[in-house]
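Reading through the structure tokens given below for one structure.
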Amino acid sequence: MLAEQVTRCEEEMRAALADPDSRRVLRGTILRFAERQVRNRVLNEALLGSHAAGAAFTEQRRAHAQGFARVVECARHDGAVRQGVSIEDTRVALRAISSFRALPAERASTIPRLTDLLLSGVLTEERPRTTPNTTGTVSRMVSPVAVNSADS
């Protein structure tokens, strides 16, 4: 079950890195992370917590974190991230979301509200595009090493 979730996350990150809409990618990545915190609490504790079962996926987590950093950088380059918000700030947002998995299920149900608040703090106001995205896809910013390490 853990290996299946890791494989699914790897596939989603590869697709995210190939998507040219960096705002949608960053928003979607954070929303999927939050949804999993609600839906797969025990699995996430094993993968993200100190559980021994998660130790086998250390390299995949590292590759995923590198991919997430590239998503944030591309979104920043495209003007989708608020001024002054760093990669570490976005990681703090993810940690805030994941901290709710330790709450009783009925209190963890506030994760969607927390996620909306955090997204408001990370992303700039969405403006309609008048010109196409000239930065290409997010994957253009990914080194082959990071993509290949996610495949292992």
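Quick check: pseudo-label points 7 Å beyond the Cα along Cα→Cβ at S99 and T7, how many nm apart are they?
Inter-label distance under the simple model: 3.5 nm.
Pull out the extension gain between E125 and R91, defined as 0.36 nm times the separation in residues minus the alpha carbon to alpha carbon distance; nm, one decimal.
Working: separation 34, 0.36 × 34 = 12.24 nm, distance 2.01 nm.
So the extension gain works out to 10.2 nm.
Starting with the highest mean, order 65-78, 82-95, 3-16 by the number of other Cβ atoms within 10 Å, averaged over the residues of each peptide.
Averaged packing, sorted descending, gives the order 65-78, 3-16, 82-95.
Mind giving me the nanometre distance, one decimal, between the label points for A69 and E106, set 7 Å out from Cα along Cα→Cβ?
Going by the 7 Å Cα→Cβ label model, 4.2 nm.
Rule-based calculations on the coordinates, nothing more; no lab input. All values reported here derive from a predicted model rather than from experimental measurement. In this analysis, Cβ positions are derived from the backbone assuming ideal geometry, glycine residues included, and neighbour counts consider all displayed protein chains.
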